[in-house]
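Visitor: Sharing a structure, written as structure tokens. Questions coming.
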Amino acid sequence: MATQRETTYDVRIWTVQRIERTRGVKYRLRWTVAGAVKSTTYTTRALADSRRAELLSATRRGEAFDVATGLPVSQLPDERGTTWWEWVLAYVDLKWPALAPNSRRSTAEALSCATLALLPRSKSNARPTDAVLGSAMRQWAFNAPRRAAGPPPEDLAPAVAWLERSCPRLRELENAAVVRAVLDAFARRQDGTPAAATVIARKRAVLHNVLELAVERELFVANPLDRVRWKAPKVNEAFDPRAVVDPVRARALLEAVGALADLDEARRKVIGLGIRGRRLVAFFAAMYYSALRPSEALALRETDLDLPPADDRHLGEWGELLVSRSDAEVSGSWTDGGRRTSRQLKHRARGEVRVVPCPPPLVQLLQAHLEEYGVAPDGRLFRGPYGGHVSAGTYTDVWDAARKKALNPAEYASQLAARPYDLRHTAVSTWLAGGVESAQVAAWAGHSVAVLHRVYAHVLTGRSEVARQQIARILGLSPNAGASG
């Protein structure tokens, strides 16, 4: 916490005075703080006017002034000498325990980008390259357990030492131009091309949180980011409706996944898609029929299945999936145990369960999967041929091969079910188009109604005509009364 000082709101700022001197004209700015006169002299009127505007802005924000120095408290020297480097390391240590592995990684990426933007652009040979500095931050400095374990690796130590020497003081972010430079860096990829709007929003949120903590610790009076009028690109949350696949093609794609085993022996040995594909039919089906995220489908255990008995008397019956875990793929360096582990559902508390309907086709596929492959020792349904976790690269390759097999060249080149995640979008769109209430769809899909309406706005719009006709029937109006004019 900053040293306690005597402050006041009794501030009066005078107009700039022009002073004729033997060595030339000077411009003096005077103001009073608690009755005490403060002044400073500038060589040009522009400089004096600029400084006067800064002081006036501080009073308009309701900022207190330090009686001893006459400065707004936001402009006082940081007596602890806190640098940006020291502060973000403390921030990482504070936030690490509560963050999910992927959030830890994205936080490190955001802080690395911000730090590079704040560093001096010296052409000296002593300055490590951005690539080396980035590695030092992501691989050691912004990974709390690795930093706590000891000094940085020998190859990263010079870069870490340079960062410690060269990072500016935290107070420099009071300068709007400095903050703007960081935001501009967020808007660019390393190759200079525009960054995705979602990436920019995520990095800006991290920076805001870093500075908000500094406000809480009384290192800032207000969050400097809030003073910068910087417009980020809009985030387009709606998915591409061209990605939605119809039931006929969806079934053809699932059949193609299973048929990958028919590839010739040489190709199977090189790629292994046949072996992997047959094991993943029910995995893709869980996304298509029950709107599971890939990470949720990978985390399914046998105990998560509430299925009817596998006999002829129960054909056509529905089941339920009890979704409570997510098996997101992330490097072990960002996890607590140094290995890939299941976590709670996205935006949900640990142990919270989401009950999702399991249609008869998915029931049959899951029953067939259990009969043919069983489960892993920990109960997982989906695993590789040797029992390991299924990587995103593996199921993406399998899906691409299935699309090439099931679709014609024009369809394969299109956005139609281009990613496995599009199967989830298709499921939610199907529920909405079928007339299921928004709140129920949101509960099944595992997000809020507000998000549902943003992402699937075009599907909801398409239901307006049906809704009007239903209202017309309830009101006893003529068949055409609900039609739009």
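All of the numbers you see were taken from the coordinates with simple rules; none came from a lab. Quick caveat: nothing in here was measured; it's all calculated off a predicted structure. Neighbour counts are summed over all protein chains in view; Cβ atoms, including those assigned to glycine, are modelled from backbone coordinates with ideal geometry.
Visitor: Where a Cα-Cα gap under 19 Å defines reach, which aspartates and glutamates qualify for K405, not counting those fewer than 8 residues away within the same chain?
Guide: D246, E255, D262, D264, E265, D397, D422
Visitor: Taking only C-alpha pairs under 8 Å that are 6+ residues apart, what is the relative contact order of region 84-227 in percent? Each step should come with its number before you reach the end.
Guide: Working: 129 pairs, mean separation 43.1, N = 144.
Over region 84-227, the number comes to 30 percent.
Visitor: So, one more: Name the residue from T8, V73, A36 whose Cα lies farthest towards the positive end of the charge dipole of region 7-75, charges +1 on Cβ of Lys and Arg and -1 on Cβ of Asp and Glu.
Guide: Among T8, V73, A36, the one farthest towards the positive end of the dipole of region 7-75 is A36.
Visitor: Using θ = phi - 60° and the Karplus curve 6.51 cos²θ - 1.76 cosθ + 1.60, what whole-Hz ³J(HN,Hα) does each residue of region 130-147 get, with Gly and Pro shown as x?
Guide: 4, 5, 5, 4, x, 5, 4, 6, 6, 8, 9, 4, 9, 10, 3, x, 5, 5
Visitor: Let me ask something else about it. Going by average Cβ neighbours within 10 Å, how do the peptides 191-198, 27-34 rank, with the highest at the top? Spell out each step's value before the answer.
Guide: Working: 191-198: 11.0, 27-34: 18.2.
Taking the mean over residues of other Cβ atoms within 10 Å, the ranking is 27-34, 191-198.
Visitor: A follow-up question, please. Taking θ as phi - 60°, what are the ³J(HN,Hα) couplings along region 109-117 by the Karplus curve (6.51, -1.76, 1.60), each to the nearest whole Hz, with x for Gly and Pro?
Guide: 5, 5, 5, 5, 4, 5, 5, 4, 5
Visitor: In nm, give the distance between the simple-model label positions of V248 and R121, each being 7 Å from the Cα along the Cα-to-Cβ direction.
Guide: According to this spin-label approximation, the distance is 5.8 nm.
Visitor: Would you please give the residues with an amide H less than 5 Å from that of C358, counting only those at least 5 places away or on a separate chain, with H modeled from the backbone geometry?
Guide: G319, E320, L321
Visitor: How many nm separate the modelled label positions at D93 and H314, each set 7 Å beyond the Cα in the direction of the Cβ?
Guide: Those two pseudo-labels are separated by 5.5 nm.
Visitor: Under a 5 Å amide H to amide H cut-off, with H placed in plane at 1.01 Å, what residues pair with T7 once short-range neighbours are removed?
Guide: V67
Visitor: What residue among T394, S414, A427 has its Cα farthest toward the positive end of the dipole of region 388-439, where the charges are +1 on Lys, Arg and -1 on Asp, Glu, each on the Cβ?
Guide: Of T394, S414, A427, it is T394.
Visitor: Let me ask you something else. In sequence order, what are the phi-derived ³J(HN,Hα) couplings for region 295-312 according to the Karplus relation 6.51 cos²θ - 1.76 cosθ + 1.60 with θ = phi - 60°, rounded to whole Hz, with x for glycine and proline?
Guide: Whole-Hz 3J(HN,Hα) from phi for region 295-312: 5, 6, 5, 5, 8, 4, 10, 4, 6, 8, 9, 10, 10, x, x, 8, 9, 4.
Visitor: According to a simple spin-label model (label point 7 Å from Cα along Cα-to-Cβ), what is the distance in nm between R180 and A161?
Guide: 3.7 nm
Visitor: Can you tell me which aspartates and glutamates have their Cα less than 16 Å from the Cα of K203? Leave out same-chain residues fewer than eight positions away.
Guide: Here the aspartates and glutamates satisfying the reach criterion relative to K203 are E109, D184, E212, D226.
Visitor: Compute the length gained on full extension between Q440 and A368: take 0.36 nm times their separation in residues and subtract their Cα-Cα distance, giving the result in nm to one decimal. List each step's numbers first, then the result.
Guide: Working: separation 72, 0.36 × 72 = 25.92 nm, distance 2.89 nm.
Difference between extended and current length: 23.0 nm.
Visitor: Once the piece of chain linking A392 and R419 is laid out straight, how much longer is it, given 0.36 nm per residue of separation minus the C-alpha distance between them?
Guide: Numbers: separation 27, 0.36 × 27 = 9.72 nm, distance 1.10 nm.
Result for the pair: 8.6 nm of gain on full extension.
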